Amino acid sequence: MQRTVLLLFCLILSFSAFSQGNNYAQNYKKYEGLALTPPMGWNSWNKFACNVDENLIKQVADAMVSSGMKEAGFIYINIDDCWHGDRDSLGFIHADPKRFPSGMKALADYIHGKGLKFGIYSDAGSQTCGGRPGSRGYEFQDAQMYASWGVDYLKYDWCNTEGLKAEGAYKTITAALRKAGRPIVLSICEWGTDKPWEWGPSVGHLWRTTGDIYNCFDCIEDHGTWKSWGVMQILDKQDGLRQYAGPGHWNDPDMLEVGNGMPVNEDRAHFSMWSMIAAPLIAGNDIRKMSKETTAVLTNKEVIAVNQDKLGVQGFKFSANNGLETWLKPLDSGNWAVVFLNRNKEPQVVNFDWRKTPIKDEVSKAELNAAQSTYKIRNLWTKKNMGNTKKAFKTTVAAHDVIMLVLSK
Ligand code: GLA
């Protein structure tokens with residue numbers, strides 16, 4: 001009898017230890033159900049770098065609504081580096097009182113009042129890339145502070161992380177965010193060094209796959225100790241990663257440079273390709289004063305619908321020939337998005353015979369077989385219907401530009 005009681009007692013003890021272990025493991029898992037389609041919003045870095053203050057951010061929130069971007073789906077207003085002031089004597093972080101005199105809570109309230117969401121930036125190391133206080137050693141306090149301000153999105157960078165291992169460091173901030181109790185999207189900004197696509201899906205909602213984008217279509221900017229990359233260079237670095245992306249967990253090829261000075265054809269190609277590869281669409285321009293052309297690119301709802309398609313499959317390069325690439329993205333309901341991308345400085349002729357080109361996507365298993373079914377063709381930039389797939393598709397693609405189509409049954 002005594003032995004049975006002892007045995008039962010041991011069983012209960014080990015069961016509770018086991019379930020506690022499970023609970024602790026749960027703590028390192030992100031909030032599920034966020035970012036089921038790639039996040040859309042705006043971030044201060046590409047245009048304003050460290051020149052951020054509350055007036056700018058409020059004006060950007062106003063412009064998000066008045067420009068039609070909110071209506072097109074852009075929701076997050078994200079402040080990047082350099083918003084920080086000092087930590088107080090207890091270690092809590094505060095916003096720079098000169099730049100944000102009303103405080104972050106008031107700013108978050110303003111943004112929420114417009115039906116938008118609020119994002120902020122920190123770093124896993126001792127200091128941010130811009131030399132402001134990092135979160136290392138203060139993760140739980142920082143997460144608590146962000147939650148109390150009403151933060152909805154955290155971009156978490158990787159500068160000054162001596163001795164840290166990325167997966168562990170990002171799991172610490174995930175645990176801190178869970179403990180703080182507010183669902184916050186976690187944007188892992190580790191530049192792809194430690195293959196975040198392999199461990200990121202349970203830890204965060206998106207992860208940078210590369211170093212920083214540079215505002216050019218096809219160039220590399222050498223800063224000495226580091227490089228930043230043009231739109232085409234970043235695109236090429238996405239090779240082999242598409243199987244890691246899906247609803248709630250996205251490859252992040254960095255924020256948009258649309259409206260920051262490239263000609264409109266290049267902006268159009270950039271926005272189309274980011275949509276095809278199911279990238280987060282985080283605008284990085286001054287949306288308070290955009291040209292009509294820039295607004296038209298950023299608010300093209302049919303292109304955005306390709307990006308936001310609920311199937312959440314990242315598109316792929318089907319073929320490449322003399323700088324002319326054909327990209328495909330399977331969509332919900334058996335539809336497909338197609339882009340012909342001309343990387344050359346001269347126009348190129350496309351001649352694509354749908355019926356002679358059966359396509360099977362090995363990742364999603366979707367098939368496009370125009371010999372079996374006929375698809376209607378819609379051009380997303382001219383916004384015109386272009387017949388169907390019974391006829392071969394022949395057209396000219398301008399230099400550094402795209403033709404973007406949706407094929408539907
Ligand atoms: C890193 C990031 C950028 C930006 C800056 C801020 O370079 O990759 O996106 O956040 O830091 O200092």
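The values are calculated or read from the model by the stated rules, or taken from the named source; none is laboratory data. The structure displayed is predicted, hence computed values, not measured ones. Cβ: placed from backbone, ideal geometry, glycine included. Neighbour counts: every protein chain shown. The area values use the complete protein model at the heavy-atom level, side chains included, leaving out ligands, DNA and RNA. Shrake-Rupley method; radii C 1.70, N 1.55, O 1.52, S 1.80 Å.
Note on THR374 and ASP222: with the Förster distance fixed at 45 Å, the Cβ-Cβ geometry gives a FRET efficiency of about 0.35.
Using a probe of 1.4 angstrom, how much of the accessible area of region 336-409 is carbon and sulfur, in percent?
47
Relative to the longest principal axis of the Cα atoms of the chain, helix 264-276 runs at roughly 60 degrees. Between HIS112 and ASN321, the modelled labels are 5.5 nm apart [label points 7 Å from Cα along Cα→Cβ]. Quick check: pseudo-label points 7 Å beyond the Cα along Cα→Cβ at ASP62 and THR395, how many nm apart are they? It is 3.9 nm.
Comparing GLN238, GLN372, GLN308 in a Gaussian network model of the chain where C-alpha atoms under 10 Å apart are linked, the largest mean-square fluctuation is found at GLN372. Over region 184-253, with every protein chain in place, what whole percent of the accessible area is carbon and sulfur at 1.4 Å, could you tell me? Roughly 47 percent of what the probe reaches on region 184-253 is carbon or sulfur.
Could you calculate the FRET efficiency of ASP194 with LYS345 from 1/(1 + (r/R0)^6), where r is the beta carbon distance between them and R0 is 51 Å, rounded to 0.05?
Using R0 = 51 Å, I get an efficiency of 0.90.
Normalised by 2.2 N^0.38 Å, where N counts its residues, the alpha-carbon radius of gyration of the chain equals 1.08.
Angle, helix 104-113 long axis vs. longest principal axis of the chain, Cα atoms, 0 to 90°, nearest 10? Long axis of 104-113 versus the principal axis of the chain: about 40 degrees. Surface composition of region 81-170: carbon and sulfur atoms hold 51% of the protein heavy-atom accessible area at a 1.4 Å probe. Considering only the Cα atoms of region 243-398, their convex hull presents on average a projected area of 9.5 nm². Highest GNM mean-square fluctuation among LEU380, LEU164, LEU324, for the chain modelled with Cα contacts below 10 Å: LEU164. Return the calculated 222 nm mean residue ellipticity for the chain, to the nearest 500 deg cm²/dmol, obtained by summing -39500 (n - 2.57) across DSSP H runs with n ≥ 4 and dividing by the residue count. Helices in the chain give a 222 nm mean residue ellipticity of -8500 deg cm²/dmol. Highest mobility in the GNM of the chain, judged by mean-square fluctuation with C-alpha springs under 10 Å and restricted to ASN351, ASN285, ASN379, is found for ASN351. In the context of the full set of protein chains, the chain has a per residue accessible area of 44 Å² (1.4 Å probe). Ordering SER122, SER148, SER66 by accessible surface, largest first, gives SER66, SER148, SER122; the 1.4 Å probe counts only protein heavy atoms, with every chain in place.
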